[in-house]
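The values are calculated or read from the model by the stated rules, or taken from the named source; none is laboratory data. Bear in mind the structure is a predicted one, so any value in this text is a computation, not a measurement. Don't worry about glycine lacking a Cβ; one is built from the backbone with ideal geometry, like all the others, and counts go over all protein chains shown. Calculation scope for accessible area: heavy atoms of the full protein, side chains included, ligands and nucleic acids excluded. Shrake-Rupley method; radii C 1.70, N 1.55, O 1.52, S 1.80 Å.
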Amino acid sequence: MNKQPIPDPEIVKKTVRELKALCRQFDLLNFQLEELTAYVDAEIRKSPLTAYRLGKTPQQTIDSPEERAFRQRD
């Protein structure tokens, strides 16, 4: 069996702190990617091309409350 030296506890604590900070950064990036994906999905659903491909008219697609209010003013 290979005998390895026991690492310095302070170095272990520092490494753990750095890894935890890195995990938090990845969590934040994953959250931002999820938000971006949701935004892009919503934009795709509003696309006239998507409506055409699904066989729907543009009025049948899901749109934002702002777009509905704009159409109601006309």
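Among the conditions (1) small (G, A, S); (2) surrounded by 10 or more Cβ atoms within 10 Å (Cβ to Cβ); (3) at pLDDT below 90, A42 misses just one, which is (3).
Within the range 45-57, the residues that satisfy the criterion of being assigned to a helix (DSSP H, G or I) and either β-branched (V, I, T) or open to solvent by 80 Å² or more (accessible area, probe 1.4 Å) (or both) are R45, P48, L49, T50, Y52, R53. Within the range 1-10, the only residue that satisfies the criterion of being part of a helix (DSSP H, G or I) and open to solvent by 100 Å² or more (accessible area, probe 1.4 Å) is E10.
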